[in-house]
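**Q** Questions regarding the structure given below will be posed in turn.
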Amino acid sequence: MSTALRRSFDSLEVPNYRRYFVGQVISLSGNWMQTVTALWLVLTLTNSGFAVGLTTALQFLPMLLFGAYGGLLADRMPKRRLLLITQVLMAIPAAGLFLVTAFGVVTPWMIYIAVFLVGTVNCVDNPTRQSFVIEMVGSDRLVNAVSLNSVIIEVARILGPAIAGILIATAGVVPSFGINMLTFAAMFAALWSMDPRALQAPPPAIRKPGAIREGLRHVRQNPELAVPLALMALVGTFGFNFQVALPLLAKFSFDGGASAYAVLVSAMGVGSITAALINGHQGKTGGTVIAAASLAFGIAALVAAIMPDLILEAIVLAALGGAAVVFVASINSTIQLAVSAEMRGRVMALFSIVFLGSTPIGGPLTGWLAEAYDPRLTLVLAGVSGLSAAWAARLIFTRMSERTGAEARPLEASA
C-alpha cells in the first residue's frame, strides 16, 4: 500500500477502531437498506412526495426534540456500553417492519411509527458514536478517523441502496427489512470484542441540575463551536435532504424506478468516499476548508438542478456528494478539536441536532416543493444554502482571525 493511501487509512491501525469500522459498515448498510426500502414503500403506497418528506421528518424529529438528552447520557455513561444498548433497541423496529411486510399488512402509519422509533433511539446512538471516535483513536488521529467515518457512511450508502434496489426489483421489500434486522448483530459483536483498557475515556460528567444548559452556554461562549454549528444548521435544513429529493428525482424527473434511485444514491456515495479519503489524507480542518467545501457544494447542487439525463445527473451528484462529505467532516472535526472533553457528548448532540434534527423542517419543505413544482427545485434550494454558507463562513472566520490576531489557515492534526 502506498504511503499516501496508508495515511488515508491511518486510524485503522488502532485495533478498537478497526473493529468499529467493520461493524459500522455492515450495520449502516443495513440501515440504508431499510431507509431506502421504507421511503420507496411509502412512495408506492401513497404516490405522494409530501408523504416521503413526512417519513424522513419523522425519522429525524426525535433528534430535534430529545437529542440534547442523548448527548447528556453520552457524557454520563461509558459510551461503549451505551452503544451496545442502542444496537439492541434499534433492532426492535427493524423486526417490526419485517413482520408487517412479511404478513402483507403494512400501511403507511406503521412505517411512520417504525421510523420514529428508530429516530428516538438514534437520539442517544448518534451523539454517542460521534463522541466515541476520539476515545478510540485520540486527538492526533481525529481528523483522519472522522473522514473514515464518512467513508463508512458512504460505503453503506452505496451498498445499502444497491442491495435494496436489487431486492425490491427481484424479491420485494420483505428481504430488505429482514437483512437489516440481522445486521445489528455485526455492530454489537464489534463493540463487545473491543479492549476497554485501550479506550481514552474522560471521567463521566457530574450529575447536577442544568447540565444541558451548561452545554449550551459552552457553545455560546465559544465561537469556534457556535459558528460551525450555525453553518451546519443552515445547510442541514435546506441542503441535506437527499433522502427526500433523490427518490423524487428518480421517479418524476427521470421517469425511473428503484434502479434509477439506486444509481443516484450510489453516485453520491462514490464521490463522497473519494473525497473522504482525500480529506483523511490531508488531515486538515478549520474555517478555510469549511468555506471551500460549502462553495463547492452550492455550485454542484445548482449544476445538478439543470442536468438533462440520468447519467449526467449521476456524474454531478458524485461531485456534490464529495463536497457534502468534506463540509460535514470538517465541521465535525473542527468542533471536536475545540470542545472540552467533559462537554463532548452534549456538544456533539447539538451537532447531531443541527445535522439530522433540521430534517423535520427541511424534509417536508423539500417534499412539498418537489410535488407542487419540480423536484429540481430541491437542488436549487440546496445550492443557495451552500453558497450562503460559503459567504458567511468566509466573512465570519476572517473576522474571527482578525479579532484574535491569528492568521486564517487550516488547522492540522499532528500525524
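**Q** I need every pair where a residue in region 39-50 that is in contact (Cβ under 8 Å) with a residue 24 or more places away in the chain has its Cβ under 7 Å from the Cβ of a residue that is loosely packed, with under 15 Cβ neighbours inside 10 Å and assigned to a loop (DSSP other than H, G, I, E, B), sequence separation at least 6 or different chains.
**A** Here the result reads none, with nothing in region 39-50 linked to a residue that is loosely packed, with under 15 Cβ neighbours inside 10 Å and assigned to a loop (DSSP other than H, G, I, E, B).
**Q** Can you report the number of residues in region 173-208 which are buried (at least 20 other Cβ atoms within 10 Å of the Cβ), under 21 Å from Arg81 (Cβ atoms) and modelled with pLDDT under 90?
**A** The total comes to 1.
**Q** Given the conditions (1) of a type outside the set (Asp, Glu); (2) within 21 Å of the chain's Cα centre (by Cα); (3) open to solvent by 30 Å² or more (accessible area, probe 1.4 Å), report the number of the one that Val105 does not fulfil.
**A** The one condition Val105 does not meet is (2).
**Q** How about region 68-90: which of its residues are closer than 14 Å to Ser27 by Cβ, crowded, with 20+ Cβ neighbours inside 10 Å and hydrophobic (A, V, I, L, M, F, W, C)?
**A** Leu83, Met90 - these are the residues of region 68-90 that are closer than 14 Å to Ser27 by Cβ, crowded, with 20+ Cβ neighbours inside 10 Å and hydrophobic (A, V, I, L, M, F, W, C).
**Q** A further question follows. Out of Ala245, Ala211, I need the residue that is surrounded by 24 or more Cβ atoms within 10 Å (Cβ to Cβ) and farther than 25 Å from Leu395 by Cβ. Which one?
**A** Within the list Ala245, Ala211, the selection yields Ala245.
**Q** Can you list the helices (runs of 4 or more DSSP H) lying wholly within region 1-110 that have 3 or more residues being touching a helix residue (DSSP H, G or I) at 6+ places or on another chain (Cβ under 9 Å), among the small types (Gly, Ala, Ser) and more than 29 Å from Ser176 (Cβ to Cβ)?
**A** 49-76
**Q** Still on this structure, please answer the following. Can you name the condition, by its number, that Ala293 falls short on among (1) open to solvent by less than 10 Å² (accessible area, probe 1.4 Å); (2) of a type in the set (A, V, I, L, M); (3) in contact (Cβ under 8 Å) with a residue 40 or more places away in the chain?
**A** Every listed condition holds for Ala293 apart from (3).
**Q** Going through Ala413, Ala329 one at a time, which residue ends up being at pLDDT below 85 and touching a strand residue (DSSP E or B) at 6+ places or on another chain (Cβ under 8 Å)?
**A** Only one candidate qualifies: Ala413.
**Q** Please indicate, with yes or no, whether at least one residue in region 307-323 is over 22 Å from Ala156 (Cβ atoms), outside any helix (DSSP H, G or I), touching a His at 6+ places or on another chain (Cβ under 8 Å) and of a type outside the set (Phe, Trp, Tyr).
**A** No, region 307-323 contains no residue that is over 22 Å from Ala156 (Cβ atoms), outside any helix (DSSP H, G or I), touching a His at 6+ places or on another chain (Cβ under 8 Å) and of a type outside the set (Phe, Trp, Tyr).
**Q** Additional query: Any residue at all in region 249-262 that's open to solvent by 30 Å² or more (accessible area, probe 1.4 Å) and farther than 20 Å from Val52 by Cβ?
**A** Looking for residues that are open to solvent by 30 Å² or more (accessible area, probe 1.4 Å) and farther than 20 Å from Val52 by Cβ, one finds none in region 249-262, hence no.
**Q** Starting from residues that are surrounded by fewer than 24 Cβ atoms within 10 Å (Cβ to Cβ) and among the hydrophobic types (A, V, I, L, M, F, W, C), keep the ones in region 43-53 and report whichever is farthest from Ile168 (Cα to Cα).
**A** Only one residue tops the list, namely Phe50.
**Q** Go through Ala169, Ala156 for me and flag whichever is in contact with a Phe, Trp or Tyr (Cβ under 7 Å, 6 or more places away or on another chain), under 18 Å from Ala258 (Cα atoms) and in a helix (DSSP H, G or I).
**A** So the residue among Ala169, Ala156 that is in contact with a Phe, Trp or Tyr (Cβ under 7 Å, 6 or more places away or on another chain), under 18 Å from Ala258 (Cα atoms) and in a helix (DSSP H, G or I) is Ala156.
**Q** Which one is farthest from Ala185 (Cα to Cα) among residues in region 1-27 that are modelled with pLDDT of 90 or more and over 22 Å from the mean Cα position of the chain (by Cα)?
**A** Val14
**Q** Quick one: how many residues across region 117-133 are surrounded by 24 or more Cβ atoms within 10 Å (Cβ to Cβ) and free of Cβ contacts under 8 Å to residues at least 40 places away in the same chain?
**A** Of the residues in region 117-133, 0 are surrounded by 24 or more Cβ atoms within 10 Å (Cβ to Cβ) and free of Cβ contacts under 8 Å to residues at least 40 places away in the same chain.
**Q** Please work out if Val235 is touching a residue at least 60 places away in the same chain (Cβ under 8 Å), open to solvent by less than 40 Å² (accessible area, probe 1.4 Å) and farther than 28 Å from Ala324 by Cα.
**A** No.
**Q** Here's something else I'd like to know. What residue, of Leu148, Leu82, is more than 21 Å from Thr237 (Cα to Cα) and either without any contact (Cβ under 8 Å) to a residue 60 or more places away in the chain or in contact with a Cys (Cβ under 9 Å, 6 or more places away or on another chain) (or both)?
**A** Matching residue, one of Leu148, Leu82: Leu82.
**Q** (1) within 13 Å of the chain's Cα centre (by Cα); (2) within 20 Å of Asn279 (Cα to Cα); (3) surrounded by fewer than 24 Cβ atoms within 10 Å (Cβ to Cβ): which one isn't true of Ile331, the others all being true?
**A** That leaves (3) as the condition not met.
**Q** Within region 272-290, track down each residue that is open to solvent by less than 10 Å² (accessible area, probe 1.4 Å) and under 24 Å from Val384 (Cα atoms).
**A** Across region 272-290, the qualifying residues are Ser272, Ala276, Thr285, Gly286, Ile290.
The values are calculated or read from the model by the stated rules, or taken from the named source; none is laboratory data. This one's a predicted model, so the numbers in the text were calculated from it and none came from an experiment. Note that each Cβ is placed from the backbone with ideal geometry, even for glycine, and that neighbours are counted across all protein chains shown. Heavy atoms of the whole protein, side chains included, go into the accessibility calculation; ligands, DNA and RNA do not. Shrake-Rupley method; radii C 1.70, N 1.55, O 1.52, S 1.80 Å.
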